[in-house]
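For reference, the structure discussed in these notes is given below.
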Amino acid sequence: MKSMSATGTVSTQADFLSQFRIDTEPYYRAVGGEVAFFEAAYASRMPIMLKGPTGCGKTRFVEHMAWKLERPLITVSCHEDMTASDLVGRYLLDAEGTVWHDGPLTLAVRLGAICYLDEIVEARQDTTVVIHSLTDDRRILPLEKKNELVQAHPDFQVVISYNPGYQSVLKDLKESTKQRFGALSFSYPQPDVEAEIVAREAGIEMNLARTLVKVAERSRNLKGHGLGEGASTRMIINAGLLASKGVSLAEACQVAVVMPITDDGEIRAALSSAIDACL
């Protein structure tokens, strides 16, 4: 049996890692000390947990920090069918026989990338425990099927994120996992800051951005009253993008906010009325 991974020559590794490097600075508007905290955490390779609602900027923050630290970023979107093999790797058949293929976590461990496990609570708990040995002083990844113990590259770091608002008994991290991480809490920015972000990302005027922020605030007030979550910053940016292309603001809000956020007719009507009041 053969192995296939990015463990060849220095030039081969550099070429392989280039696809995971972020060359252009991703826009991120800091709202506190999160940038300095992450830099300090990375200096000691502390595993980091990002907690916050959907669409509030967690992924953009990780991308920004990977760019700032000049480290490749390997992102894994977690889901309920994801297995440990999806993370660490597996043997596959090809024309030459049975070949080992490293998974995204193993690649990051070998090559010194930041591995970002997005919405980690969506994965099964028996899958996420594979990161435990990487989040303490051992910094190793056992590949049981390969009978190999991979020592983490000195530059490797693991970052996870999840939305506490979606927690349940069945979808939550084990305490034994949580306590291995430093944590940063994210939320939606203050209205003026959020308007600044929306105006820049959607390419619209500030007055229009402020109106969209008011729309988001109205929807967030409905959380717990029929809505699981209010409109995210990402949703109102999408509404702004539609408006920048000539779509009326009312229609843009319907398409980017009201329709995606709920299928309940009464909640849609209530949300539409709240939006009309803003417009």
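No value in this document is a laboratory result; all are computed from the given coordinates. All values derive from a computational prediction rather than experimental measurement. Note that we place each Cβ from the backbone using ideal geometry, even for glycine, and neighbour counts take in every protein chain shown.
Of the beta bridges DSSP finds with both residues in the chain, what % are antiparallel, to the nearest 5?
Of the beta bridges lying entirely in the chain, close to 30 percent run antiparallel.
Within 13 Å, Cβ to Cβ, of VAL150, how many net charges do the neighbouring residues add up to if Lys/Arg are +1 and Asp/Glu are -1?
Once positives and negatives cancel, what remains is +2.
Could you work out how far helix 233-244 tilts from the main Cα principal axis of the chain, as a 0 to 90 degree angle to the nearest 10?
Orientation of helix 233-244: about 60 degrees from the principal axis.
Given only helices, namely DSSP H runs of n ≥ 4 each adding -39500 (n - 2.57), what is the per-residue ellipticity at 222 nm of the chain, to the nearest 500 deg cm²/dmol? Could you put the intermediate results ahead of the total?
Values: 12 runs with 110 residues, N = 279.
After summing the helix terms and dividing by residue count, I get -11000 deg cm²/dmol.
Give me the one-decimal nm value for the distance between modelled label points at LYS174 and ASP81, 7 Å along each residue's Cα-to-Cβ direction.
It is 2.5 nm.
Starting with the fewest neighbours, write out THR106, THR54 ranked by other beta-carbon atoms found within 10 Å of each beta-carbon.
THR54, THR106
Sequence gap at least 6, Cα distance under 8 Å: using those rules, report the relative contact order of region 191-278 to the nearest whole percent.
Rounded, it is 28 percent for region 191-278.
Quick check for me: using +1 on Lys/Arg Cβ and -1 on Asp/Glu Cβ, what's the dipole size of the chain about its Cα centre, in debye to the nearest 20?
400 debye
Please go through region 17-59 and write out the trypsin sites (Lys or Arg not before Pro) that DSSP classes as loop and that have at most 12 other C-beta atoms within 10 Å.
Loop-located and lightly packed - none at all.
Relative contact order (percent) for region 2-185, with alpha-carbon contacts under 8 angstrom and 6 or more residues of separation?
That works out to 29 percent.
With +1 on each Lys and Arg Cβ and -1 on each Asp and Glu Cβ, how big is the dipole of region 19-126 about its Cα centre, in debye rounded to the nearest 20?
Dipole of region 19-126, to the nearest 20 debye: 440 debye.
Could you name the lysines whose alpha carbon sits less than 20 Å from that of LYS178, not counting residues in the same chain fewer than 8 places away?
Once the sequence-local lysines are set aside, what remains near LYS178 is LYS51, LYS58.
Restricting things to alpha carbons, tell me how big region 191-278 is in terms of Rg and Dmax, in Å.
Calculated on Cα positions, Rg and Dmax stand at 11.8, 34 Å.
How many Å³ per residue does the convex hull of the Cα positions in region 76-123 occupy?
Per residue, the Cα convex hull of region 76-123 comes to 76 Å³.
Projecting each Cα onto the charge dipole of the chain (Lys/Arg +1, Asp/Glu -1 at the beta carbon, about the Cα centre), which of GLY246, THR127, ALA269 comes out farthest on the positive side?
Selected residue: THR127.
Just need the Rg to Rh number for the chain, please, alpha carbons only, Kirkwood Rh.
Computed over Cα atoms, the ratio is 1.03.
Among LEU105, MET49, GLY226, flag the residue with its Cα farthest along the positive direction of the charge dipole of the chain, charges on Cβ as +1 for Lys/Arg and -1 for Asp/Glu.
MET49
Nearest 10 degrees, 0 to 90: what angle lies between the long axis of helix 34-43 and the longest principal axis of the chain (Cα atoms)?
Here the helix axis deviates by roughly 0 degrees.
Looking only at Cα atoms, what is the convex hull volume of region 64-186 per residue, in Å³?
124 Å³
With only Lys, Arg, Asp and Glu charged, each at its Cβ (+1 for the first two, -1 for the last two), find how big the charge dipole of region 139-279 is about the Cα centre; round to the nearest 20 debye.
Details: 16 positive and 17 negative charges, 82 e Å.
For region 139-279, the charge dipole is close to 400 debye.
Would you mind ranking HIS64, HIS79 by Cβ crowding within 10 Å, fewest neighbours first? Don't skip to the end; give the middle numbers.
On the way: HIS64 21, HIS79 12.
Fewest-to-most ranking of HIS64, HIS79: HIS79, HIS64.
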